[in-house]
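Report on the following structure.
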Ligand code: AMP
Ligand code: MG
């Protein structure tokens, strides 16, 4: 494992060619996607994928999402059914991951021994170019130490994994900012959402023409190895500072806080509380902006030396993003 700091590569054509060659040789490369930065390896090379688990300190029971150029490449890795074709045609490239029965070419290590594989065609133009240049599908979980806050800039990746990997491709800040929606299509007549993301259950239902059940809020018990989606584990995406959720933050509540607490509002407050530090996800309460800023704000607050973080939930209006933000916030709270 390299002891030197990872290089952040600007996306020049020569660098993209070099990074594609590194991926083909079995090396790891952190890649920008529209959701969060991923830590990529050749998905067909089990030895290369083992490096992902080692670098992230990720348990082998947590399967990896495989990134593809599109449906044609997906069909080489999984048994693609009509529901998958419909969704891929509608939402790919984009923040939707399909769980399908896998073909033997996908190493068991990638799927943590499951007979299904999770597939997604990312929309980020640099990663699409890298996928085409590499000519292989790329297994890529988020490029952060396991269970910490996901990275949405190249610098976040360097802060978390800088001494454990060599290459980071800089694609700027991620435009969506939360991980993909995951839908289980192993049984195409009973699709089921496993993780909320930017693509909502309502949008999926509209395209499929049937109901798509969403995951229930909080699990009573933490997920165990062997359960279908360990990415839904109770504790995930967590800052080191204790975090508590508040439905809405009132001024009266803020006045009673210990002075080492920090408040994280969904929307910039009209008046500031001088006593404690305050952060916000969005200037005017726009969901897309809040999702885009979520992890950067949590990271900033986590480095602020606060005793605890009190976070306001996103108002659940229609739409996948509020559900996705609140899902990640709920999991940032739990301590196993
Ligand atoms: P991430 O760590 O953000 O890349 O998310 C990867 C997540 O995708 C895992 O933790 C699982 O929740 C989900 N996933 C990957 N492969 C599968 C699979 N074969 N079946 C179900 N969920 C999967
Ligand atoms: Mg992750």
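Can you name the condition, by its number, that residue 190 falls short on among (1) touching a residue at least 60 places away in the same chain (Cβ under 8 Å); (2) surrounded by fewer than 19 Cβ atoms within 10 Å (Cβ to Cβ); (3) more than 14 Å from residue 65 (Cβ to Cβ)? Answer for residue 190: the failing condition is (1).
Among the residues of the stretch 54-84, those that are within 16 Å of ligand 2 (Cβ to nearest atom) and over 16 Å from residue 117 (Cβ atoms) comprise 54, 55, 56, 57, 58, 59. Where residues in the stretch 148-163 are part of a loop (DSSP other than H, G, I, E, B) and either touching a strand residue (DSSP E or B) at 6+ places or on another chain (Cβ under 9 Å) or within 16 Å of ligand 1 (Cβ to nearest atom) (or both), which of them is nearest to residue 29 (Cα to Cα)? Across the stretch 148-163, the extreme among qualifying residues is 162.
Contact map, the stretch 17-31: residues that are more than 24 Å from residue 160 (Cβ to Cβ) paired with residues that are at pLDDT 95 or above and in a strand (DSSP E or B), Cβ distance under 7 Å, separation 6+ or inter-chain. Pairs shown: 24/42.
Sort out which residues of the stretch 161-197 are within 15 Å of the chain's Cα centre (by Cα) and within 16 Å of ligand 2 (Cβ to nearest atom), and write them in order of number. Within the stretch 161-197, 174, 176, 177, 178, 179, 180, 181, 182, 194, 195, 196, 197 meet the criteria.
Quick grid of which residues meet (1) within 16 Å of ligand 2 (Cβ to nearest atom); (2) outside any loop (DSSP other than H, G, I, E, B); (3) out of contact with any helix residue (DSSP H, G or I) (no Cβ under 9 Å at 6 or more places or on another chain); (4) at pLDDT below 75:
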residue	(1), (2), (3), (4)
231	yes, yes, yes, yes
236	yes, no, no, yes
245	no, yes, no, no
258	no, no, yes, no
266	no, yes, no, no
269	no, no, no, no
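Of all residues in the stretch 271-299, those satisfying the criterion of being modelled with pLDDT of 95 or more and either touching a strand residue (DSSP E or B) at 6+ places or on another chain (Cβ under 7 Å) or on the phi > 0 side of the Ramachandran plot (or both) are 279, 280, 281, 282, 289, 290, 293, 294, 297. Among the residues of the stretch 128-147, those that are more than 16 Å from ligand 2 (Cβ to nearest atom) and not in a helix (DSSP H, G or I) comprise 135, 136, 137.
If a residue has to be away from ligand 2 (no atom under 16 Å from the Cβ), within 23 Å of residue 46 (Cβ to Cβ) and in a loop (DSSP other than H, G, I, E, B) to count, how many in the stretch 85-110 make the cut? Residues flagged as away from ligand 2 (no atom under 16 Å from the Cβ), within 23 Å of residue 46 (Cβ to Cβ) and in a loop (DSSP other than H, G, I, E, B) within the stretch 85-110 amount to 7.
Within the stretch 128-147, restricting attention to residues that are buried (at least 19 other Cβ atoms within 10 Å of the Cβ) and within 14 Å of ligand 1 (Cβ to nearest atom), the residue that is farthest from residue 88 (Cα to Cα) is 144. Could you tell me whether any residue of the stretch 175-191 is within 12 Å of ligand 1 (Cβ to nearest atom), closer than 26 Å to residue 296 by Cβ and not in a loop (DSSP other than H, G, I, E, B)? Yes, the stretch 175-191 contains at least one residue that is within 12 Å of ligand 1 (Cβ to nearest atom), closer than 26 Å to residue 296 by Cβ and not in a loop (DSSP other than H, G, I, E, B). Screening the stretch 97-126 for residues that are in contact (Cβ under 8 Å) with a residue 60 or more places away in the chain and more than 14 Å from ligand 1 (Cβ to nearest atom) and picking the one that is farthest from residue 82 (Cα to Cα) gives 126.
The values are calculated or read from the model by the stated rules, or taken from the named source; none is laboratory data. Everything numeric in this text was worked out from a predicted model, so none of it was measured. Using ideal geometry, Cβ is built from the backbone for each residue, glycine included, and neighbour counts are taken over all protein chains shown.
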